[in-house]
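Visitor: Sharing a structure with you now.
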Amino acid sequence: MTFVKRTELKMFDGRQIFYYDREPVERSAVDTRPVEPRPLPGEMRQDPLTGEWIAMAAHRQGRAFLPPKEFCPLCPTKTDFGTEIADSTFEVVVFENRSPSFSAPSSELPAEVIQASGRCEVVVFSDQHEGSFGSLELAQMRTVMAAWIDRTREISTLPYVEQVFAFENRGEEVGVTLNHPHGQIYSYPFITPRTSKMLQVAQDHYDSTGVPLISSIIAREIKDQVRIIAQNEHWIAYVPFAARYPFEIHVAPKVFLADLAGLSDEVADAFPEIAKEVLLRLDGVFGIQMAYIAAWHQAPVRVGRDVLGLHWQITSIRRAPGKLKYLAGSESAMGAFIMDVKPEQSAQQLRDVQL
Ligand SMILES: [Zn+2]
């Protein structure tokens, strides 16, 4: 049984902050920064050409951009500079984003505005300024998982949220604006385009076979062997059959689950080890820190719970030292990906890394 204690406190402007601790620590640090009003929700518009929703988050332009360590808002508060986290030490912390792309609906906006309702949270992986998810100790990674599980479970109860998306960006190449190890949770008032598409394919597969699509995919990977990177009793990591990026890895539980909230302690306990291995292999390919996006795909809150399976997708845009894959004409304008590396080849490169 994995014990993680959650303490909920309030930030200076009323936002919620949650501390997750492996030990039963008492947390009561008060955020003493001067009160300021929180931004109103942004507007959301539907693209008339595709039907896709676009969130207009104009208030995000003033965000901190790669601040030096002494002004890092994700470090614990140790000096007169009040960071987002009032305590002087912590293990894992989650708080509501100060400049959210999606936030709780407000009655202050005119009725004709379609509000970007939802919730955006920041997940701080450590009180140490350097590192990323893969560089944490296994027990610390497990605490991050406990936070992901808890937040998915709780955010899924909000009536204006349709989908919960936990992710980590690493590297300035993929738009990271804070170096401190952290991830985010975006919760949308709609089902995102990629999830809608996956949902349709997964539903069709389930209707014709009675098996969740991810289970059939895993069965194929086990049969083919060539794209598997790592596995343990509960998880399997592989380069997907039709990868879109030079280094793309999926990590899925071997037994179908709709979302993080459904993870048992036993299955969750087995994740940090394989996650660490996969991320070490990724960095080992070229011997440099790879920029990546690590994304938790899970079923939407209200639909597709029997068909869309939880999996963790890591994509790196690096194709060689000094070379990035840019989303060029075909990818950006048409959504049609062209891949320079065969998935079987990148799987071999990842397996060949000496750990
Ligand atoms: Zn920091």
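The values are calculated or read from the model by the stated rules, or taken from the named source; none is laboratory data. Here the structure is a predicted model, which is why all the values come from computation and not from measurement. When we count neighbours, we look across all protein chains shown, and the Cβ atoms used for this are built from the backbone with ideal geometry, even at glycine. In case anyone asks, the SASA skips ligands and DNA or RNA and just uses the protein heavy atoms, side chains included. Shrake-Rupley method; radii C 1.70, N 1.55, O 1.52, S 1.80 Å.
Visitor: Residues of region 204-234 with backbone nitrogen within less than 20 Å of a virtual label 7 Å along the Cα-to-Cβ line of Q348, please, listed as ranges.
Guide: Only 221-231 pass the distance filter.
Visitor: Over what distance in Å are the Cα centres of region 193-241 and region 78-134 separated?
Guide: Computed from Cα coordinates, the inter-centre distance equals 33 Å.
Visitor: Please give the calculated 222 nm ellipticity per residue for the chain, where each DSSP H segment of at least 4 residues contributes -39500 (n - 2.57) and the sum is spread over every residue; nearest 500 deg cm²/dmol?
Guide: Working: 7 runs with 84 residues, N = 355.
It comes out at -7500 deg cm²/dmol, rounded to the nearest 500.
Visitor: Taking 0.36 nm per residue of separation and subtracting the Cα-Cα distance, what length does fully extending S264 through A111 add?
Guide: On the way: separation 153, 0.36 × 153 = 55.08 nm, distance 4.26 nm.
That works out to 50.8 nm of additional length.
Visitor: A follow-up question, please. Pulled fully out, how much extra length does the chain show between D204 and D13, if you take 0.36 nm times their separation in residues and subtract their Cα-Cα distance? Kindly include the intermediate steps, with their values, before the conclusion.
Guide: Values: separation 191, 0.36 × 191 = 68.76 nm, distance 4.63 nm.
Length gained between D204 and D13: 64.1 nm.
Visitor: May I pose another question? Could you work out the per residue convex hull volume over the alpha carbons of region 194-352, in cubic angstrom? Working shown, then result.
Guide: Details: hull volume 18.7 nm³, N = 159.
So the per-residue Cα hull volume is 118 Å³.
Visitor: Once R0 is set to 41 Å, what does the formula 1/(1 + (r/R0)^6) return for the Cβ-Cβ distance between V25 and A320, expressed as a FRET efficiency to the nearest 0.05? All intermediate terms of the calculation are to be shown ahead of the outcome.
Guide: On the way: r = 45 Å, r/R0 = 1.10.
Given R0 = 41 Å and the Cβ-Cβ separation, E is 0.35.
Visitor: Next up: What's the Kirkwood radius of region 1-149 in Å, using all Cα pairs? List each step's numbers first, then the result.
Guide: On the way: mean 1/r = 0.0583 Å⁻¹.
One decimal place: 17.1 Å for the Kirkwood radius.
Visitor: Roll a 1.4 angstrom probe over the protein heavy atoms and tell me the percent of accessible area of the chain that is carbon or sulfur.
Guide: Numbers: 9070 of 16770 Å².
That fraction is 54 percent.
Visitor: Continuing with the same structure: Pop a pseudo-label 7 angstrom from the Cα along the beta-carbon direction at both L49 and L355 and give the gap in nm to one decimal.
Guide: Between L49 and L355, the simple spin-label model gives 4.5 nm.
Visitor: Using label points projected 7 Å from each Cα along Cα→Cβ, tell me how many nm separate F241 and S216, to one decimal.
Guide: 0.9
Visitor: Tell me the relative contact order for the chain as a rounded percent, counting alpha carbon contacts under 8 Å between residues six or more apart.
Guide: 15
Visitor: Same structure again: Please calculate how many Å² of accessible area region 194-352 carries per residue, with a 1.4 Å probe and no DNA, RNA or ligand atoms counted. Please list the in-between numbers first.
Guide: Details: 7110 Å² over 159 residues.
Accessible surface, normalised per residue, equals 45 Å².
Visitor: Determine how many Å³ per residue the convex hull of the Cα atoms of the chain encloses. Mind showing how you got there, number by number?
Guide: Working: hull volume 53.7 nm³, N = 355.
Once divided by residue count, the hull of the chain is 151 Å³.
Visitor: Count the DSSP beta bridges whose two residues both fall in the chain, then state the antiparallel fraction as a percent rounded to the nearest 5. Working shown, then result.
Guide: Values: 53 of 55 bridges.
In the chain, DSSP labels about 95 percent of beta bridges as antiparallel.
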